[in-house]
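Please read the structure below before turning to the comments.
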Amino acid sequence: MNKLPSNMADIYATLAKKYNYDAFMYIEYPHKSFWSEKFNEEDFKTGLRSLFLTDKNTPLLLYVHIPYCRRRCFYCTCHTMITNDYERIKNYLDFLFLEIDLFCKFFEENSIIPNFTEIHIGGGSPTILQEKEFGQLLEKLQLIVDLKNLSEFSIEIDPREVNIEKIKFYHTKGIDRISFGIQDFDPDVQKAINRVQPPELVEKLLTPEVRKRFEKGINFDIICGLPLQSQESIRRTFERIVKISPDRICFNYLHYSPKFYKHQMIMIDARNGRPTKLPDVYERKMIFTEALNILLKNGYVRTGYDHFAKPDDEVAKAMKNKTMHWNALGVTSGRYSDVIGIGPHSWSTIGNYYSQNVYELPLYEAAVTKGRFPIYRGYKLNKDDIIRREVIQALRNFFFLDFNDVEKKYNIDFKKYFKEEIVSLAEFIKDGIAELSDKAITITELGQQFTNIVCMNFDSYIKKG
């Protein structure tokens, strides 16, 4: 892909004004806001049994949530708790271990040997755990996971919380991929979001010796749409990033929702002498495009809507082979599609079932103490949901949908099944965002920035018009 044309700014300005509304990221379909709180522990168990009855060797990822951080990042939408009291963190692990015991008991009672092939430890800041407690966590996980036979074991890294020795420690424990929360390298942006970590700090951690230990790769997470971000500032950030040369980069848009994350309001609170606004839709598109051009120029491959990878990375190969998958942890090479999450707020995707744990720590502690899975809400997908999920995943990941692929898999006539949706693509086609043939839908190079809007066209839970 070549650099986008010089008149792209004018085109984006027009389209950003026209399509100035939010759309789901479509981490899952349907979105969590449509899941039911009537979905309970028994539904969750039914989903688990159903999954293993379908395929007892189905590959799984285990997600482990460590919700604690030492300081609040103002952009954050993760479920976190701020503390400098390490006893609270140790106490949390006691309850997390009770949830692991629940899974151990369930698997034994149902004669299930789960095929966990990958683990991801996230947060919060899982690097807040000291080596002793981290070792205890892994020892407990061995009750349900064979740690010696994982295809990948990853952890999220807060560069302010680690040194080279701690990173080497993770390697000795089997971790082979590390994911750095970068967000932005511009010092003014970092101050505005309360996450000051100079690029030199990251560079000093990623020595050649460290890099060779993590054979699966190094990831960077960056956010588009932060206060004080501009095309010029993001250019400097991404020029520094390509010099550091991570294997994968996630450059996702800021999710600004102060109704649920009140601390986000601090980013643009004039009383604190901060910026009074965030980049608007047009500005965000141009910031993203600036970064996009730098990454493509330097050999990175676009792997879906907001992810990039080096050409020899597994995800880039999966993108080419159309086996890539997308979930809340980002794009994956497609080795697994089912996820079991533990810890408050964590989510699970088990076959045709979704579930999410409770957010509040007291509710979480009460449930696991009583021997109950701490389910907050969930959803069982019907056939239509499954078909639409397939369509949305294809468009979001590959910017292309072959009707024949869906017809063969689900025994439908695509153009009849989605008659209304195809008609409503007309405006996207007129604006050059999408192309429609007799056999496929293609999201154009121009339209890739509006992919989620196109995906929303196939969302039956959203009222159209």
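The values are calculated or read from the model by the stated rules, or taken from the named source; none is laboratory data. A quick note: this is a predicted structure, and the numbers were derived from the prediction, not measured. Because the Cβ atoms are built from the backbone with ideal geometry, glycine has one as well, and the counts that use them run over all protein chains shown. Remember, those area values only see protein heavy atoms, side chains included, never the ligands or the DNA or RNA. Shrake-Rupley method; radii C 1.70, N 1.55, O 1.52, S 1.80 Å.
Starting from segment 436-449, keep only residues that are closer than 16 Å to LYS408 by Cα, then list their pairs with residues that are not in a loop (DSSP other than H, G, I, E, B) whose Cβ atoms are within a distance under 7 Å, requiring at least 6 positions of separation or different chains.
Every condition considered, the pairs that remain are LYS439/ASP402; LYS439/PHE403; LYS439/ASN404; ALA440/PHE400; ALA440/LEU401; ALA440/ASP402; ALA440/PHE403.
For ARG271, work out the one condition from (1) in a helix (DSSP H, G or I); (2) open to solvent by 70 Å² or more (accessible area, probe 1.4 Å); (3) in contact (Cβ under 8 Å) with a residue 24 or more places away in the chain it doesn't fulfil.
Unmet for ARG271, out of (1) in a helix (DSSP H, G or I); (2) open to solvent by 70 Å² or more (accessible area, probe 1.4 Å); (3) in contact (Cβ under 8 Å) with a residue 24 or more places away in the chain: (3).
Tell me the residue from TYR29, TYR12 that is among the hydroxyl-bearing types (Ser, Thr, Tyr), surrounded by 16 or more Cβ atoms within 10 Å (Cβ to Cβ) and assigned to a helix (DSSP H, G or I), please.
Details: TYR29 fails: assigned to a helix (DSSP H, G or I).
Just one listed residue meets the conditions, TYR12.
Any residue that is more than 21 Å from SER460 (Cβ to Cβ) and among the charged types (D, E, K, R) - is there at least one of those in segment 386-393? Lay out the reasoning, then the answer.
Here is the first cut: in segment 386-393, the residues more than 21 Å from SER460 (Cβ to Cβ) are none.
No: segment 386-393 contains no residue that is more than 21 Å from SER460 (Cβ to Cβ) and among the charged types (D, E, K, R).
Can you tell me which residue among ASN115, ASN163, ASN149 is touching a strand residue (DSSP E or B) at 6+ places or on another chain (Cβ under 9 Å) and modelled with pLDDT of 95 or more?
Numbers: ASN163 fails: touching a strand residue (DSSP E or B) at 6+ places or on another chain (Cβ under 9 Å); ASN149 fails: modelled with pLDDT of 95 or more.
Within the list ASN115, ASN163, ASN149, the selection yields ASN115.
Working only within segment 79-124, note down all residues that are part of a loop (DSSP other than H, G, I, E, B) and either open to solvent by 20 Å² or more (accessible area, probe 1.4 Å) or under 27 Å from ILE350 (Cβ atoms) (or both).
The initial filter retains those residues of segment 79-124 that are part of a loop (DSSP other than H, G, I, E, B), namely 79-80, 83-85, 110-114, 124.
Result: HIS79, THR80, ASN84, ASP85, ASN110, SER111, ILE112, ILE113, PRO114, GLY124.
Can you tell me how many residues within segment 377-400 are out of contact with any Phe, Trp or Tyr (no Cβ under 7 Å at 6 or more places or on another chain) and more than 20 Å from PHE450 (Cβ to Cβ)?
6
I'd like the full set of residues that are open to solvent by 10 Å² or more (accessible area, probe 1.4 Å) and under 28 Å from the mean Cα position of the chain (by Cα), limited to segment 419-431.
So the first thing to find is which residues in segment 419-431 are open to solvent by 10 Å² or more (accessible area, probe 1.4 Å), and the list is 419-424, 426-431.
If the condition is that a residue be open to solvent by 10 Å² or more (accessible area, probe 1.4 Å) and under 28 Å from the mean Cα position of the chain (by Cα), then GLU421, PHE428 are the ones that fit.
Is it fair to say ILE441 is surrounded by fewer than 17 Cβ atoms within 10 Å (Cβ to Cβ) and of a type in the set (Val, Ile, Thr)?
On the way: surrounded by fewer than 17 Cβ atoms within 10 Å (Cβ to Cβ): no; of a type in the set (Val, Ile, Thr): yes.
When the stated conditions are applied, ILE441 does not pass them.
Take the residues of segment 376-406 that are closer than 14 Å to ILE441 by Cα and among the acidic types (Asp, Glu): which is nearest to the chain's Cα centre (by Cα)?
GLU390
Looking only at residues in segment 337-367 that are hydroxyl-bearing (Ser, Thr, Tyr), open to solvent by 10 Å² or more (accessible area, probe 1.4 Å) and closer than 29 Å to THR323 by Cβ, which one is farthest from the chain's Cα centre (by Cα)?
Of segment 337-367, the ones hydroxyl-bearing (Ser, Thr, Tyr) are 337, 346, 348-349, 353-355, 359, 364.
Still in the running and open to solvent by 10 Å² or more (accessible area, probe 1.4 Å): 337, 349, 353, 359.
Cutting the leftovers down to closer than 29 Å to THR323 by Cβ gives us 337, 349, 353.
On the way: SER337: 14, THR349: 13, TYR353: 19 Å.
Per the stated criteria, the residue is TYR353.
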